Amino acid sequence: MTSELDLTIHPLSRQDGQVYTEMPGLYAAQAPFQPARGRLKETLVLHLAMDGNAPLPPREHKKLITHLADVYYKTPGSSTTAMRQVADELNDILIERNARGENSLIQSAGLFTMAVFREGRLYFAQSGPTHAILVSAGGAKHFYLSDLAWRGLGVSRKPNIRFHQMDITPGDIF
């Protein structure tokens, strides 16, 4: 059974005790014209926050996140295969960026959440100390990487990422 779901994004962030209705690093995309096989009916949402003492300038941040969306939609295969490709790409970019730093003390890690919505299914991945909450008719489920909280992308050659998938229905909030 397939169902059409609307995706409404309400960005909300908290910084220094203040609540904001903008979320830097949040990006949503639909399949471009002629995506890779299997990507046509997918909606992608990415969120990248940088942790550490080498933040990305806003223009670079936006360029990177749109590049990652392009990588996703150009990668054939399953949704998780494309998600893994995006995580690997981001990890490589951040490792190279950290290695180029003038000082080994100036580094940053990517705290990354990636969600794919496709025909009543939600596939998502997390890296670093990120939170995700799914509220549905059956209750709320909290996803937090407490055992991986100290790591994000860009700190080791092997990306540390956790994948999840579940059914979603109209009215669910993620």
Thr80 paired with Leu26, simple spin-label distance in nm, labels 7 Å along Cα-to-beta-carbon: 2.8
Between Gln18 and Lys141, 0.36 nm times their residue separation minus their Cα-Cα distance comes to what? 41.8 nm
Set the Förster radius R0 to 22 Å, insert the Cβ-Cβ distance between Met166 and Asp88 as r into 1/(1 + (r/R0)^6), and round the FRET efficiency to 0.05. 0.40
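Place a +1 charge on the Cβ of each Lys and Arg in the chain and a -1 charge on the Cβ of each Asp and Glu, then give the dipole magnitude about the Cα centre in debye, rounded to the nearest 20. The partial results should precede the final answer.
Working: 18 positive and 17 negative charges, 74 e Å.
Roughly 360 debye for the chain.
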Using a 1.4 angstrom probe, figure out how much accessible area the range 7-123 has per residue, in square angstrom, rounded to the nearest whole. 60
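Tell me the net charge near Ile161. Cut-off is 10 Å between Cβ atoms, Ile161 excluded, with +1 for each Lys or Arg and -1 for each Asp or Glu.
Numbers: positive: Arg84, Arg151, Lys158, Arg162; negative: Asp88.
Counting the neighbours of Ile161, the net charge comes to +3.
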I need two numbers for the chain: Rg to one decimal and Dmax as a whole number, Cα atoms only, in Å. 16.2, 54
Quick one: pull the percent of accessible area on the chain belonging to carbon and sulfur, 1.4 Å probe, ligands and nucleic acids left out. 51
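In a shell of Cβ-Cβ distance under 14 Å around Ala137, excluding Ala137 itself, what net charge do Lys and Arg (+1) and Asp and Glu (-1) give? Please report the intermediate quantities before stating the final value.
On the way: positive: Lys141; negative: Asp167, Asp172.
Neighbour charge sum, excluding Ala137 itself: -1.
The values are calculated or read from the model by the stated rules, or taken from the named source; none is laboratory data. These numbers come from a predicted model, not from an experiment. Don't worry about glycine lacking a Cβ; one is built from the backbone with ideal geometry, like all the others, and counts go over all protein chains shown. Keep in mind that these areas ignore ligands, DNA and RNA; they rest on the heavy atoms of the full protein, side chains included. Shrake-Rupley method; radii C 1.70, N 1.55, O 1.52, S 1.80 Å.
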